[in-house]
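No value in this document is a laboratory result; all are computed from the given coordinates. As the structure is a prediction and not an experimental result, all values here were calculated from the model. Glycine also receives a Cβ, built like all others from the backbone with ideal geometry; neighbour counts cover every protein chain displayed.
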Amino acid sequence: MSKIKVSYFDVDGGRGEPIRIVLHAAGIPFEDFRFGYGEFAEVRKTTPLNQVPTVNIDGVQYTQSCALLRYFGKAADLYPQDAFQALLCDEIIDGSEDLTNKLVASFGLQGDALKSAREAFIAGPLTQYLGWMAAKLAAQGNYFANGKLTIGDLKVFMLLRWLSSGMLDHIPADCVSRIAPSLAAYAARIAAEPVLTSYYESRAGK
């Protein structure tokens, strides 16, 4: 069996969390290397592109969170085999990544500049992308692809949870429920999925 090490921030969220979840779902043992934000400057020096998450497989380090998520998602039967359903899954993954990058662009700003950037983010990209996601979900049903939970749902769930956390300055915790109520209800359903509850039960006390 391959020796696997996932390197990511010590948070239950972000780009690394779906990878951890699918590895758990697939029953694949892995070393969960977590580090604080203050340690990132040193950790990034050890990565191919100065970013995380990375996954080390048998001594070789791989990067790009979405590629890794798809790779392990297949092992966990959380990625569609049908080409069109895979397209739907990939579309929502890439859309989530787009929105994440638009939010991350405001990181490093402070004071009025941060407030203005975040208000523009809510009025523009956030409203646009959440509306698009809500329409996509309505067209498919309870999940974004394949009629069941996929890595696309895990990706969107983590993003919605982050946006609703109240931890992002000038991003109200009720932003998702106000802009796209159906997505807030969707996130509550996904949180109760056995794949997620099993993973977080395994994390309890750690």
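Total Lys pairs in the chain closer than 29 Å by alpha-carbon, pairs eight or more apart in sequence or interchain only?
For the chain, the number of qualifying lysine pairs is 26.
Output ³J(HN,Hα) for the range 79-96: one whole-Hz value per residue in order, computed from phi by the Karplus curve 6.51 cos²θ - 1.76 cosθ + 1.60 with θ = phi - 60°, and x for Gly and Pro.
10, x, 7, 5, 4, 6, 5, 5, 4, 4, 5, 5, 4, 6, 5, 5, x, 5
Given the rule -39500 (n - 2.57) for each run of at least 4 DSSP H residues, summed and divided by the residues of the chain, what is its mean residue ellipticity at 222 nm, to the nearest 500 deg cm²/dmol?
-16000 deg cm²/dmol
Alpha carbon centre of the range 9-65 versus the range 136-163: separation in Å?
22 Å
Computed from these coordinates, which is Cα extents along the principal axes in Å: (i) 52, 33, 30; (ii) 60, 40, 32; (iii) 48, 41, 33?
(iii)
Using θ = phi - 60° and the Karplus curve 6.51 cos²θ - 1.76 cosθ + 1.60, what whole-Hz ³J(HN,Hα) does each residue of the range 102-110 get, with Gly and Pro shown as x?
The phi angles translate into 5, 6, 4, 4, 8, 5, x, 7, 9 Hz.
How large is the dipole of the chain about the Cα centre if only Lys and Arg carry +1 and Asp and Glu carry -1, each at its Cβ, rounded to the nearest 20 debye?
Using only the charged Cβ atoms, the result is roughly 80 debye.
Counting other C-beta atoms within 10 Å, which of Thr100, Thr47, Thr54 has the fewest, and how do the rest follow?
Ordered from fewest to most neighbouring Cβ atoms within 10 Å, Thr100, Thr47, Thr54 come out as Thr47, Thr100, Thr54.
Pick from Glu91, Glu17, Glu193: which residue has the top mean-square fluctuation in a GNM of the chain where Cα pairs under 10 Å get a spring?
Looking only at Glu91, Glu17, Glu193, the largest GNM fluctuation is found for Glu193.
Over the chain, with a Gaussian network built from C-alpha contacts below 10 Å, which listed residue (Pro80, Pro181, Pro48) shows the highest mean-square fluctuation?
Comparing Pro80, Pro181, Pro48 in a Gaussian network model of the chain, the most mobile one is Pro48.
Extending each Cα 7 Å along its Cβ direction at Gln140 and Asp32, get the distance between those two points in nm, one decimal.
2.6 nm
Residue by residue, what Karplus-based ³J(HN,Hα) values in Hz, rounded to whole numbers, does the range 23-38 have, using 6.51, -1.76 and 1.60 with θ = phi - 60° and x for Gly and Pro?
5, 4, 4, 7, x, 9, x, 8, 7, 9, 7, 10, 8, x, 4, x
I want to check the label-to-label distance for Ser202 and Ala67. Put each point 7 Å from Cα in the C-beta direction and report it in nm to one decimal.
Rounded to a tenth, the inter-label distance reads 2.5 nm.
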